[in-house]
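The values are calculated or read from the model by the stated rules, or taken from the named source; none is laboratory data. Everything numeric in this text was worked out from a predicted model, so none of it was measured. Glycine gets a Cβ as well: all are built from the backbone with ideal geometry, and neighbour counts include every protein chain shown. Side chains are part of the model used for accessible areas, which takes the heavy atoms of the whole protein and leaves out ligands, DNA and RNA. Shrake-Rupley method; radii C 1.70, N 1.55, O 1.52, S 1.80 Å.
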Amino acid sequence: MTLPDVGLTHYLVFASLLFCMGLFAVMVRRHAVAVLLGVELMLNAANINLVAIGRFLAPVSGPAFGGQVFALIVMTLAACEVAVGLAIIICLYRNRGITNPDQASDMKW
């Protein structure tokens, strides 16, 4: 049994589906942790796009790690974003007992 050839289109379609699921989670969910997970899905979709484009559209001669380097930068930023987001969510839950982002009106300007 041989695996079918997986091309750039397959990666782009998968990443777009993953991004749409993350966007749906951000728009529909009312729990802050679920919203944070939706944002992570969208960032992972961007990473898949970066790595796939770096793999398939890189120049033939010489190593090209542009997509992989950008994906590492996005993963670092996502880890920082999760740390700050979870800190805010835990602080809101401890102080006010809420996890709904709509009820955190005191954080608005």
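Quick grid of which residues meet (1) under 29 Å from CYS91 (Cα atoms); (2) in contact with a Pro (Cβ under 9 Å, 6 or more places away or on another chain); (3) not small (Gly, Ala, Ser):
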| position | (1), (2), (3) |
| --- | --- |
| LEU18 | no, no, yes |
| MET21 | yes, no, yes |
| VAL26 | yes, no, yes |
| VAL35 | yes, yes, yes |
| VAL39 | yes, no, yes |
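Going residue by residue through region 41-49, is there one that turns out to be at pLDDT 85 or above, loosely packed, with under 12 Cβ neighbours inside 10 Å and assigned to a helix (DSSP H, G or I)? No, region 41-49 contains no residue that is at pLDDT 85 or above, loosely packed, with under 12 Cβ neighbours inside 10 Å and assigned to a helix (DSSP H, G or I). For MET75, are the conditions met, namely being under 30 Å from SER105 (Cα atoms), under 14 Å from the mean Cα position of the chain (by Cα), open to solvent by 70 Å² or more (accessible area, probe 1.4 Å) and aliphatic (A, V, I, L, M)? Here the answer is yes, as MET75 does meet what is asked.
Can you find a residue that is assigned to a loop (DSSP other than H, G, I, E, B), open to solvent by less than 90 Å² (accessible area, probe 1.4 Å) and closer than 22 Å to HIS10 by Cα anywhere in region 63-71? Give the derivation first.
So the first thing to find is which residues in region 63-71 are assigned to a loop (DSSP other than H, G, I, E, B), and the list is 63-65.
Checking which are open to solvent by less than 90 Å² (accessible area, probe 1.4 Å) leaves us with 64.
Narrowing further to those that are closer than 22 Å to HIS10 by Cα: 64.
Looking for residues that are assigned to a loop (DSSP other than H, G, I, E, B), open to solvent by less than 90 Å² (accessible area, probe 1.4 Å) and closer than 22 Å to HIS10 by Cα, one finds at least one in region 63-71, hence yes.
Farther than 30 Å from GLY7 by Cα, of a type in the set (Val, Ile, Thr) and either free of Cβ contacts under 8 Å to residues at least 12 places away in the same chain or in contact with a helix residue (DSSP H, G or I) (Cβ under 9 Å, 6 or more places away or on another chain) (or both) - does that describe any residue in region 71-85? Even if it seems obvious, please write down each step before you answer.
Step one: list which residues in region 71-85 are farther than 30 Å from GLY7 by Cα, which gives 80-85.
From the residues that got through so far, the ones that are of a type in the set (Val, Ile, Thr) too are 82, 84.
With the extra rule that they be either free of Cβ contacts under 8 Å to residues at least 12 places away in the same chain or in contact with a helix residue (DSSP H, G or I) (Cβ under 9 Å, 6 or more places away or on another chain) (or both), the set shrinks to 82, 84.
Yes, because at least one residue in region 71-85 is farther than 30 Å from GLY7 by Cα, of a type in the set (Val, Ile, Thr) and either free of Cβ contacts under 8 Å to residues at least 12 places away in the same chain or in contact with a helix residue (DSSP H, G or I) (Cβ under 9 Å, 6 or more places away or on another chain) (or both).
Does ILE90 satisfy being over 15 Å from the mean Cα position of the chain (by Cα) and part of a loop (DSSP other than H, G, I, E, B)? Here the answer is no, as ILE90 does not meet what is asked.
Here is the figure for region 1-40: residues that are surrounded by fewer than 16 Cβ atoms within 10 Å (Cβ to Cβ), over 14 Å from the mean Cα position of the chain (by Cα) and assigned to a helix (DSSP H, G or I) total 6.
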